[in-house]
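Taking it in order: structure first as structure tokens, then the write-up.
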Amino acid sequence: MTTNRIIALAGNPNSGKTTIFNALTGSNQRVGNWPGVTVEKKEGVLRLEGMDYTVVDLPGTYGLSARSIDERVARDFLVRNRPSLVAVILDASNLERNMYLALQIMELGVSNVILVFNMMDVARSRGLDIDVKAMGIFLGLPIIPTIGNRREGIEDLKRVISLYMRGRGDGNDDKLIRKAPFKYRQELEDAIRQVGAMIPKDLAKKYPARWVAIRLMEDDGEYRHIVEGLASGKEILSKVESLRQHIEGILGYDVETAMAEMRYGYINGVVREFVKKKPSVADRLSMSDRIDTVVTNKYLGLPIFFLIMWIAFMLTFDLGGLFSTYIDSFFTFLGNITAVHMRPEWLASFVTDGVIGGVGAVLVFLPNIFMLFLMLSILEESGYMARGAFVMDRLMHAMGLHGKSFIPLVLGFGCNVPAIMATRTLENRKDRIITILVNPLMSCSARLPVYVLFAGALFRAHQGTVIFSIYLLGVILAILLARIFKSMFFKGETTPLVMELPPYHIPEAKGVFLSAWQRSGLFVRKAGTIIFAAVILVWLMASLPAGVGYGSEHSLIGRLGSIMAPVLSPAGFGYWQAAVALFFGILAKEVVVGTLGTLYHTTGSGLSAVIATHFTPLSGYAFMVMTLVYIPCIATIAVIKRETNSWAWAGFAVAYSLVLGWSLAVMIFQVGRMFV
Ligand code: GDP
Ligand code: MG
């Protein structure tokens, strides 16, 4: 290698060569013409650590085949002047094309070569993720990423230049061992080696033998001319000719095309290996836009929304129900063992009826709840939830609310407590209070066991649809009541707000599962604490006073229930068991099922059978609606008080929901009775 102080900048037109050139040389530039041609020649001085280097901005070219004047000028300079270092400037956003020149310069083998991946900003905005380090190691040369027009990476470039120019960074750098240098296919490599071996020593001093051989195989007129003048010229050229014909015979097409194809093939492989294409922000946005034209369409938006919700609920019940069966079998099995083998009798009753009956009855629904949270996570993560809000926005406006209120409402399907806290994102206090007040109508996961139990027992064939209708009823009620509350308490306009629609994502499996897992974990913990405590209370009250038949009408709980039951008779479920289940359900909604499990000392399918004897489909439906609407659980009441900072609002939430729930249940039962 030569040891002049010349650094050549090569690159495709518009790769940013001149920009980098200017960044390196500043004002120390001279502009002239290349000898003999009118192509502009730019030279400048780069001063690094007290040393002056000559930087030459070569004409922009796509290759070194000398088909144009520019290519010839660039090639001649590289071959004849042998700069110590060639920095190839590449447009990193278009490496497939830009690497061709770089590969040819590497093939030339006369100088140290470094690659400057310029336009990294463009590459990134196109979603290209280039593993510069690994690619550099693979190619056996340093790659410096830059953004020329912002001078980013220029200092790194200078550092590498300095290393190379001081002889400390040549191709023997042990980190940079070329792993797979570019090779043509075997027949060509053999031919190149044979021709290369025939190149006389003194010519090889001027031009690398391999390079000359490659040029001859590619039928490059300039090199043919050079070789013609040699003593062995004729012999070499006839050898080249016979090799070319031999190879063309094998390939079936001309050697030049074949060689160019192999270079492109190699480059494609390298790019595919080290450049990952993520869908760019622009791609994703336009993709999102296209999806959105359908999904948020004026007419299709709502039907699609309900279809997606319906599918989500179907999956929740059908898929979740599959696993519930196993848990049910487990608790039934456990209950049978403790009932038969455990002594004394009161302990057996406590464990079987209280713990297993009560807590087990609730835990059976864990798979459903897990699926529900999974669906919610997927809707949130995918970006669809925001579309739901957007689609509902129109409807929400008609009801006097803003679409933004919709997300806290949908979160209510999981649990009303965090959902009510999520109303903090609403700027307007009126909107916020209304959204809080109607939030409990969004049926939380704790109420799901009631629906699954009742719908499973009474509407076997259509349970998914029945449960969906309950959720839908909750949504409709929430919207109607929002309108009513608005006109009752806060007259005036809604303020217009901007709805953000983030681009869609394919949800990450790990993320959504983790989120569903954690939220379900809270449900299990609740089963072990508050629900456990509540069912113990129910069990005690069902067992006392001493001597009374367990869970009979004369037990404490029976008497309590009997006082309340007449109130519920018009709704079709005037049983004291139903009354106390609802009563204790205020502690936590899961306790509704827990109480029934404790009182009827059975879980799952056993409990289902009992429900089927006590309820008709009509009274069962009324009971589900009651469960949906009546009085929020204690935790929700507390969070309403905290977030509105007023007991009055909390009290109002309790009062309206109790009246509304009871009225609806009664209405459904009474009206329904006329038809069935
Ligand atoms: P040349 O033809 O290779 O000499 O390219 P130039 O240096 O003239 O640059 C072509 C255009 O690309 C100019 O408008 C530069 O400002 C711009 N440019 C250079 N480097 C970058 C870069 O890293 N990012 C972006 N976005 N533009 C660049
Ligand atoms: Mg230029």
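The values are calculated or read from the model by the stated rules, or taken from the named source; none is laboratory data. The structure displayed is predicted, hence computed values, not measured ones. Heads up, the Cβs are rebuilt from the backbone with ideal geometry, glycines too, and the neighbour counts pull from every protein chain shown. Remember, those area values only see protein heavy atoms, side chains included, never the ligands or the DNA or RNA. Shrake-Rupley method; radii C 1.70, N 1.55, O 1.52, S 1.80 Å.
Observations on the structure shown:
- Pairs, first more than 10 Å from ligand 1 (Cβ to nearest atom) in the stretch 6-17, second among the aromatic types (F, W, Y), C-beta under 7 Å, six or more apart: I7/Y53; A8/F77
- When the residues of the stretch 323-353 are filtered to those that are open to solvent by less than 40 Å² (accessible area, probe 1.4 Å) and closer than 17 Å to L596 by Cβ, the one that is farthest from the chain's Cα centre (by Cα) is S349.
- Checklist (1) in a helix (DSSP H, G or I); (2) at pLDDT below 80 applied to E427, failing item: (1)
- Filter result for the condition that a residue is of a type outside the set (S, T, N, Q), within 11 Å of ligand 2 (Cβ to nearest atom) and surrounded by 14 or more Cβ atoms within 10 Å (Cβ to Cβ), over K17, K41: K17
- All helices (runs of 4 or more DSSP H) inside the stretch 191-283 with 3 or more residues being under 20 Å from R80 (Cα atoms): 201-206, 209-217, 221-228
- Yes/no for D57 being crowded, with 17+ Cβ neighbours inside 10 Å, modelled with pLDDT under 90, of a type in the set (D, E) and within 15 Å of ligand 2 (Cβ to nearest atom): no
- For the stretch 430-453, a residue qualifies if it is of a type in the set (A, V, I, L, M) and modelled with pLDDT under 85, and exactly one does: A446.
- Filter result for D91 (within 13 Å of ligand 1 (Cβ to nearest atom) and modelled with pLDDT of 90 or more): yes
- Some residue of the stretch 643-660 being open to solvent by less than 30 Å² (accessible area, probe 1.4 Å), among the hydrophobic types (A, V, I, L, M, F, W, C), at pLDDT 85 or above and within 41 Å of the chain's Cα centre (by Cα): yes
- Output for the stretch 564-617, where each listed residue is of a type in the set (S, T, Y) and farther than 23 Å from I634 by Cβ: S569, Y575, Y600, T602, T603, S605, S608, T613, T616
- Residue under evaluation A578, criteria (1) in contact (Cβ under 8 Å) with a residue 12 or more places away in the chain; (2) open to solvent by 20 Å² or more (accessible area, probe 1.4 Å); (3) farther than 19 Å from G360 by Cβ, criterion not met: (2)
- Candidate set from the stretch 1-14 (those that are within 15 Å of ligand 2 (Cβ to nearest atom) and polar (S, T, N, Q)); member that is modelled with the lowest pLDDT: N14
- Here R263 clears all of (1) under 30 Å from I506 (Cα atoms); (2) touching a residue at least 40 places away in the same chain (Cβ under 8 Å) except the condition numbered (1).
- Looking across the stretch 18-44, the residues that are farther than 24 Å from R80 by Cα and within 16 Å of ligand 1 (Cβ to nearest atom) come down to T19, N22, A23, G26.
- Filtered residue count, the stretch 112-150, keeping only those that are assigned to a helix (DSSP H, G or I) and either within 14 Å of ligand 1 (Cβ to nearest atom) or under 29 Å from the mean Cα position of the chain (by Cα) (or both): 13
- The residues on offer are V39, V132, V113, V86, and the sole one that is under 20 Å from V275 (Cβ atoms), in contact with a helix residue (DSSP H, G or I) (Cβ under 7 Å, 6 or more places away or on another chain) and not acidic (D, E) is V113.
- The stretch 400-410 - residue that is at pLDDT below 75 and buried (at least 23 other Cβ atoms within 10 Å of the Cβ) and, of those, nearest to the chain's Cα centre (by Cα): K404
- Of the residues making up the stretch 92-129, those that are open to solvent by 10 Å² or more (accessible area, probe 1.4 Å) and farther than 26 Å from P59 by Cβ number 5.
- Only residues that are in contact (Cβ under 8 Å) with a residue 60 or more places away in the chain, more than 16 Å from ligand 2 (Cβ to nearest atom) and touching a helix residue (DSSP H, G or I) at 6+ places or on another chain (Cβ under 6 Å) were counted across the stretch 135-155, and they come to 3.
- Test: residue in the stretch 433-444 that is buried (at least 22 other Cβ atoms within 10 Å of the Cβ), closer than 19 Å to F573 by Cβ and of a type in the set (S, T, Y): yes
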